[in-house]
Amino acid sequence: MEHTSPASTGQLHAVLVLAGSSGGIGAHVRSLAQGLSAHGLEVTVAGPAETDGLYGFSEAGARFHPVEITPTPGPRTDAAAVGELRRAFNRATLVHAHGLRAALLSDLALRTARAAGTPLVVTSHHANLATGMERRVLRLMERRVARAADLVLGVSSDLVARARTLGAADARLSPVAAPPLPAPVPPGRREEVRRELLGEEWDTGRPIVLAVGRLIPQKNFHLLLDAASGWRGAGEPLVLVAGDGPEQEALRARVRTERLPVRLLGHRGDVPDLLAAADLVVISSRWEARSLVAQEALRAGVPLVATAVGGLPELVGDAAALVPPADRAALSDAVSGLLADPARRAALAAAGPPQAATWPDEAATVAQVLSVYDELTSAPAK
């Protein structure tokens, strides 16, 4: 039996599957849903009901099918999710799952449909950072997904290499583009935001160091707090952390107990304003693929200090200061050195936009995915 060609049916029906997400995966799936719909595909997004509220898939030209995919496995919840996915996959020409949980459940739901040749594409967004028994269990799941998928797309080169190691028949690089920044921040807005953030210290010229992201272990904000403990005395920066997550209370307790020059802002919808106000941006993560805040910082021309992990080195090139992961002294020294060197900060700020111009944009990302879909739906069944 052969796969049905989009040309023969007139319209390809792609089902995009994601688990709960409040970060880059959700934004990427929305971008794909909007771009694929604009190209004439029928698109269904299947995922937890809350994700449609967060990302507006229904407003991006896609049909939304609620499926409660929980963060951790459970016999009852997984059985219910698989059943709902089977309904979502009705009439699907192709299924595209994002992340390990979504991919595992999609494969289970497709087992009967696979006999009819429904291709499964999996985008790998994250590295396995677990330890001990959890790491071994996750590796088994990763291997199953890699071998079940017709194609694995890795958002960074290390994820592509890992998929091949785990037995993927086909694995390719598929970078995730950050959504374009809104209109440039108006002249004068920088000082307005700095005044709001610094209050009485606004006219002292106190530097602002910005970090953005979910407060989770992967982002390693504890390393940033370790580094901040060394920024004392004249010229001490104010560290602003925009984001929320399960580590929020632990981080807040450290800030209070150690009297650190750090302010946790919670979730913010004004990241462009915060970038405009910042003297530099810091990423202290244990691992990143194509960090959205790194892309936003370089596009906005804000100097960046980041750990050299995952896909960050290939993303930023020479347009950021990179430090070894989990190295408190290196991170502290890099930030202090940049704050004391206006010429170096200016050079990094100037290097950001040209580096960003080398990245694929959302249109190029959608075009690559379209090409993959056409290839898989036109090829003879395996």
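Here, each number is a calculation from the coordinates, and none is a lab measurement. On a predicted model such as this, the values are computed, not experimentally measured, just so you know. Positions of Cβ are generated from backbone atoms using ideal geometry, with glycine treated the same way; all protein chains shown enter the neighbour counts.
Can you tell me the alpha carbon radius of gyration of the chain divided by the globular rule-of-thumb value 2.2 N^0.38 Å? Working shown, then result.
Details: Rg = 22.0 Å, N = 382, 2.2 N^0.38 = 21.1 Å.
It is 1.04.
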Notebook entry, point to check: Going highest first, how would you order 152-165, 299-312 by mean Cβ packing within 10 Å?
Noted result: 299-312, 152-165
Check: Taking the C-alpha atoms of the range 158-298, how large are the radius of gyration and the largest Cα-Cα span, Dmax, in Å?
Finding: 17.5, 60
Notebook entry, point to check: Magnitude of the Cβ-charge dipole of the chain, K/R +1 and D/E -1, about the Cα centre, nearest 20 debye?
Noted result: 1040 debye
Next item on the list: Could you point to the residue in Pro182, Thr204, Gly245 farthest towards the positive end of the chain's charge dipole, with +1 and -1 charges on the Cβ of Lys/Arg and Asp/Glu respectively?
Entry: Gly245
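How big is the charge dipole of the range 159-200 about its Cα centre, in debye rounded to the nearest 20, if each Lys and Arg gets +1 on its Cβ and each Asp and Glu gets -1 on its Cβ? Don't skip to the end; give the middle numbers.
Numbers: 7 positive and 5 negative charges, 55 e Å.
With Lys and Arg at +1 and Asp and Glu at -1, about 260 debye.
In debye to the nearest 20, how big a dipole does the range 207-345 give about its Cα centre with +1 on each Lys and Arg Cβ and -1 on each Asp and Glu Cβ?
Details: 15 positive and 16 negative charges, 53 e Å.
For the range 207-345, the charge dipole is close to 260 debye.
What net charge is computed for the residues neighbouring Leu104, neighbours being all others with C-beta under 9 Å from the C-beta of Leu104, Lys and Arg scored +1, Asp and Glu -1?
On the way: positive: Arg101, Arg144; negative: Asp78, Asp107.
Local net charge: 0.
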Check: Tilt of helix 75-88 relative to the longest C-alpha principal axis of the chain, in degrees (0 to 90, nearest 10)?
Finding: 70 degrees
Next item on the list: Measure nothing but the geometry: give the 0 to 90° angle between the long axis through the Cα atoms of 328-339 and the longest principal axis through the Cα atoms of the chain, rounded to 10°.
Entry: 60 degrees
Notebook entry, point to check: Which angle between 0 and 90 degrees, to the nearest 10, do you get for helix 189-198 versus the longest principal axis of the chain when only C-alpha atoms count?
Noted result: 70 degrees
Check: Which one of Val316, Leu298, Leu265 is farthest out on the positive end of the charge dipole of the range 189-356, using unit charges on Cβ (Lys, Arg +1; Asp, Glu -1) and the Cα centre as origin?
Finding: Leu265
Item checked: DSSP bridge orientation in the chain - percent antiparallel, rounded to nearest 5 -> 5 percent
Item checked: Solvent-free Debye scattering, log10 I(q)/I(0), computed from the Cα coordinates of the range 234-378 at q = 0.12 Å⁻¹ -> -0.57
Item checked: Rounded FRET efficiency, nearest 0.05, which uses the C-beta distance separating Glu59 from Ala79 and R0 of 25 Å -> 0.20
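Could you order peptides 214-224, 318-328 by the average number of other Cβ atoms within 10 Å of their residues, highest first?
On the way: 214-224: 20.4, 318-328: 18.6.
Output ranking for 214-224, 318-328: 214-224, 318-328.
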Margin query: Among Leu32, Ala227, Leu104, which residue has its Cα furthest toward the positive end of the charge dipole of the chain, with +1 on Lys/Arg Cβ and -1 on Asp/Glu Cβ?
Written below: Leu104
